[in-house]
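The values are calculated or read from the model by the stated rules, or taken from the named source; none is laboratory data. Bear in mind the structure is a predicted one, so any value in this text is a computation, not a measurement. Cβ placement follows ideal geometry from the backbone for every residue including glycine, while neighbour counts extend to all protein chains displayed.
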Amino acid sequence: MTQKDGSLLQSSYASDGTLTAETLRHADGSRDIHSYDVAGKDYTSQHTVNDASGHSVLIEDYRADGSLTLKQIVDAGGVKTLDQYDSLGHVVQETVTQKDGLFFSPVTLRTAP
């Protein structure tokens with residue numbers, strides 16, 4: 001379905017009619033991709049944002065209860081920041097990877113009691 005702003009929304013469904021994916025293609029070429037009912041992973045849904053070149057600039061993984069398990073952001077310089085969350089939604093680890101592959105994990109930010 002084409003939106004008023006020129007973006008296009010595509011939806012995919014399983015044979016039983018369950019929504020499994022939605023992709024919103026923006027007029028500038030970027031995309032928001034939502035995947036649902038993911039099996040065999042430690043998350044059940046995922047949201048990915050790709051820039052106009054097709055590079056993932058945001059990845060968010062969610063548990064069945066809707067809480068975040070992982071969030072990765074890639075900035076314009078190619079630096080990746082990966083945050084991992086406990087079941088209470090606290091960031092338990094953050095890893096920053098430079099474009100050249102060097103990385104550091106500054107600290108474990110918080111652990112669940």
Given the condition exposed (fewer than 15 other Cβ atoms within 10 Å of the Cβ), part of a strand (DSSP E or B), within 13 Å of the chain's Cα centre (by Cα) and of a type in the set (S, T, Y), answer yes or no: does some residue in segment 93-104 qualify? no
Taking segment 16-59 and keeping only residues that are exposed (fewer than 11 other Cβ atoms within 10 Å of the Cβ), of a type in the set (S, T, Y) and either under 29 Å from T81 (Cα atoms) or at pLDDT 95 or above (or both), one is left with S53
So in segment 21-54, with the set limited to residues that are touching a Ser or Thr at 6+ places or on another chain (Cβ under 9 Å) and of a type in the set (A, V, I, L, M), which one is nearest to D65 (Cα to Cα)? V38
